[in-house]
Amino acid sequence: MRVKSWVRITPTSVELNGEQLKVNASGTALLTELYRTYVNDYPKFFKMDELSKLGFIAAELLIRDEEQSHGELEDRAVVLFNRSGSICNDRKYEDTIQHDDDFYPSPSIFVYTLPNIVTGEIAIRHHYYGETAFYVLNEHNEQMMHDVLTATFADDTTTSAVTGWIDCETKDQFNAYIYIVDK
């Protein structure tokens, strides 16, 4: 496997293929700033939970130039990993069902209690029909991630993947390191 490009996002910085992107905001506002600067054509972004926003923005930064030169890559897989699942939104949802006298379960919040929604958002946006999977690991484990990717590439149709680590424990405590790899 060969890494083609990568992006790292923290609450205060963004690095794309070794180059620091200029940002003025931090925390969740940073994700909104990146959306408005580099994407700004997918209004569904504002309905996403923080984990999905993080993964979506990271993928957009990786993919935006590539698609201009390669077109659609239908056979691409989206395989992501983290440690905390969708805990940030799980807590929000729990708040909506915690009290019998103030019980208001929100379907729009509940949808984002599934960490694999972020892989779906990326695949839908870019018309990827390859494998989409989200693995929750006890810790960041490069060997396990590599083994999963190797298995993903075992079929004859998958030629590349958007993959890596995205974790979002709170709306202002997150990190992403994702990359595009070729078989």
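Just a few scattered comments:
- Index of the failed condition, residue 47 passing every other in (1) within 16 Å of the chain's Cα centre (by Cα); (2) at pLDDT below 75; (3) open to solvent by 90 Å² or more (accessible area, probe 1.4 Å): (2)
- Filter result for residue 35 (part of a helix (DSSP H, G or I), at pLDDT 95 or above and among the aromatic types (Phe, Trp, Tyr)): yes
- In the range 119-145, the residues that are β-branched (Val, Ile, Thr) and touching a helix residue (DSSP H, G or I) at 6+ places or on another chain (Cβ under 8 Å): 119, 122, 132
- Within the range 111-140, if we keep just the residues that are over 15 Å from the mean Cα position of the chain (by Cα) and touching a residue at least 12 places away in the same chain (Cβ under 8 Å), the residue that is nearest to residue 79 (Cα to Cα) turns out to be 130.
- Selection within the range 11-36 - β-branched (Val, Ile, Thr) and surrounded by fewer than 15 Cβ atoms within 10 Å (Cβ to Cβ): 12
- Helices (runs of 4 or more DSSP H) wholly inside the range 66-182 that include at least 2 residues being open to solvent by 70 Å² or more (accessible area, probe 1.4 Å) and at pLDDT 90 or above: 142-152
The values are calculated or read from the model by the stated rules, or taken from the named source; none is laboratory data. Everything numeric here is computed off the predicted structure, so don't read it as measured data. Every residue, glycine as well, gets a Cβ built from its backbone with ideal geometry; the counts of neighbours run over all protein chains shown. To get the accessible areas, we keep the full protein, side chains included, count just its heavy atoms, and leave off ligands, DNA and RNA. Shrake-Rupley method; radii C 1.70, N 1.55, O 1.52, S 1.80 Å.
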